[in-house]
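Every number in this text was worked out from the coordinates using simple rules, so none of it is lab data. Here the structure is a predicted model, which means the values were calculated and not measured. We place every Cβ from the backbone using ideal geometry, glycine too, and count neighbours over all the protein chains shown.
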Amino acid sequence: MAELYYDLHIHSCLSPCGDDDMTPANIAGMAMLKGLDVIALTDHNTCRNCPALLAAAAEYGLLAIPGMEINTSEEVHAVCLFETLEAALDFDSYVYKRLIPFPNNEAIFGKQQIYDTQDQVCGTEPNLLINATTISFDELWPLVRSYGGVMFPAHVDKSANSLIANLGFIPPDSRFTTAEVKDLRKLHNLKKENPYLETCRIISDSDAHYLEHINEPELTLHVKEKSVRGVLAALLGE
């Protein structure tokens, strides 16, 4: 078994709410300086900065996972992580076709910058990425698994854009095996009010939009091997 310091929910400058300093190389560098072992890039409804992040992380010998924070049709946020970059980008294409189109206004929402592996801006996304998609939460688990990925509901304790806040409950036929809690001090009451969480692995990520907000090396994930496959297996409860 290996014990990994983690942060599996980080936004780059491709998310309109992400700071311009959140370039893929800066994210990898900050994670390395902080002493993390594994990170995941999870921009809103897109994986298109994942190639640059994985390249930067490889330079540091840092384990990095391609991912996305999807916004479902119910406005529920969920983190989707993938074993391969190819699968993540295929999922990206699927989601983009189901993103409700609305032009981004940089003055209001912020820039949506795509970076290349040299950490240079190579494009921007014209459609606002924080919009909802037409994909329901109910269909998300089998959909992500069909791409070889793992899904978990994001920040279930938050009062907006969370599974519990937006649906009012955790559907009893849910199949996710991991749940993200932002404030672990709320965990006892959350489990009391939502018994499904008793069956889940609980993790806590930064949801960082600024470099300084990336997790400190405090929380660990136990995995059978230090690899993307090992992390995803742990999140699946294997």
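Values for this structure:
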read-out	value
Simple label model, 7 Å out from Cα along Cβ direction - residue 185 to residue 124, nm	4.0
Of all DSSP beta bridges in the chain, antiparallel share, percent nearest 5	55
Environment charge of residue 215, counting only residues whose C-beta is closer than 9 Å and scoring Lys/Arg +1, Asp/Glu -1	-3
Residue order, fewest to most beta carbons within 10 Å, for 228, 150	228, 150
Cβ charges +1 (Lys, Arg) and -1 (Asp, Glu), total dipole of the chain, debye	520
When each of 182/226; 97/158; 158/191; 158/186 is checked by Cα-Cα distance, pairs over 19 Å	182/226; 97/158
Structure-based [θ]222 nm, the chain - -39500 (n - 2.57) summed over DSSP H runs of at least 4, per residue, nearest 500	-8000 deg cm²/dmol
Modelled FRET efficiency - R0 45 Å, residue 116 with residue 199, Cβ distances, 0.05 increments	0.60
